[in-house]
Amino acid sequence: MSLPITVFIAAKNEEKNLPRCLKSLEPAERTVVLDSQSTDATPQIAHEHGAEVVQFEYDGGYPKKRQWALNTLDIQSEWVFLLDADEVVPDALWAEIRNALSGGAADDAYLITKGFHFLGQKFVHGGFSHEAVLLFRRGCARFERLIDDPSGLDMEVHERKIVDGSVGAFDTPLIHEDFKGLKAYIERHNRYSTWEAHLRKAYLDGKTYGQESVEANLFGNTQERRRFLKKIAIQVPFEPLLWFLYHYIFRLGFLEGRPGLIASQIRRHYISHVRAKMYELRQSEK
């Protein structure tokens, strides 16, 4: 029996990742691929697996792709599940979801861990996996409304969800593994660093990320704690080095071997790029 869940998959040129994702979604009532004008076989693959395809054209500002889908599309199911094309839902997670939804005291939203896989390896160490609100009752969660930045990204990057109601958590992580290679991975994070540079600058200039955002709270849920720690990190010197030490030494990323070193180095470079772009933005104002 299918679960009353509509799955939204954000995609653009995801022919290498999408088949694995779609094959793992059989328990869901409905699957919709939110496509950004892919030029590869992404739409065909979606149709072959019984998913709907909705094309999204971004006009700038808020909402971006996934919030637009929540605002615009006709959602009949009680629950919404947000995924990326490089994520797979394992059977054990579906079992947890089924148990939670069939009980009489289900929460309004659930945190799910994005289990980090990198260079063909499942990471146990390094602290690269993280939780996010991905499953929620229809109408009970929305993305933060942050600054309107000029990065041109049509999809939410690291925006968190604002939940009207209770938030639970599942134990089984998603399998988060990108098969498009390091070139695509690094190029994507280069675009993300432009977005984050504008976001950080807005916060440092005005102590706000935008019109509506998750509150920073050291003693709150995972989203609130991450926001609290990020607000501290962006103001300390040597931040790129600190992130490398955090992942590689403190969170034992070195136990993952060469992939752990590479992932920690990429994280350090990402933060370096963010801060360099922030400097460039400030110089352009002078």
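The values are calculated or read from the model by the stated rules, or taken from the named source; none is laboratory data. For clarity, every value in this text was computed on a predicted model and none was experimentally measured. Because the Cβ atoms are built from the backbone with ideal geometry, glycine has one as well, and the counts that use them run over all protein chains shown.
Key figures
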read-out	value
Residue that is surrounded by the most Cβ atoms within 10 Å (Cβ to Cβ) [pool: residues in the range 101-125 that are out of contact with any Leu (no Cβ under 6 Å at 6 or more places or on another chain) and of a type in the set (Val, Ile, Thr)]	Thr113
Strands (runs of 3 or more DSSP E) completely within the range 133-176 that count 1 or more residues being in contact with a strand residue (DSSP E or B) (Cβ under 8 Å, 6 or more places away or on another chain) and closer than 19 Å to Tyr192 by Cβ	141-143, 161-163, 174-176
Test result for Glu78, surrounded by 15 or more Cβ atoms within 10 Å (Cβ to Cβ), in contact with a strand residue (DSSP E or B) (Cβ under 9 Å, 6 or more places away or on another chain), closer than 30 Å to Gly165 by Cα and modelled with pLDDT of 95 or more	yes
Extreme residue, modelled with the highest pLDDT, among residues of the range 126-171 that are touching a Leu at 6+ places or on another chain (Cβ under 8 Å) and charged (D, E, K, R)	Arg142
Residue within the range 105-117 that is under 20 Å from the mean Cα position of the chain (by Cα) and of a type in the set (Gly, Ala, Ser) present	yes
Subset of the range 231-286 [closer than 13 Å to Ala197 by Cα, among the small types (Gly, Ala, Ser) and in contact with a Ser or Thr (Cβ under 8 Å, 6 or more places away or on another chain)]	none
Single residue of the range 228-249 satisfying the filter (over 17 Å from Leu218 (Cα atoms) and touching a residue at least 24 places away in the same chain (Cβ under 8 Å)) that is surrounded by the most Cβ atoms within 10 Å (Cβ to Cβ)	His247
Pairs where the first residue, in the range 169-185, is closer than 30 Å to Ala106 by Cβ and the second is aromatic (Phe, Trp, Tyr), C-beta under 8 Å, 6+ apart	Ala169/Tyr110; Phe170/Tyr110; His176/Phe116; Glu177/Phe118
Within the range 99-119, tally of residues that are assigned to a strand (DSSP E or B) and not aliphatic (A, V, I, L, M)	7
Output for the range 13-62, where each listed residue is among the aliphatic types (A, V, I, L, M) and either within 24 Å of Pro150 (Cα to Cα) or exposed (fewer than 15 other Cβ atoms within 10 Å of the Cβ) (or both)	Leu34
Matching residues in the range 3-27 - criterion: being within 18 Å of the chain's Cα centre (by Cα) and among the small types (Gly, Ala, Ser)	Ala10, Ala11
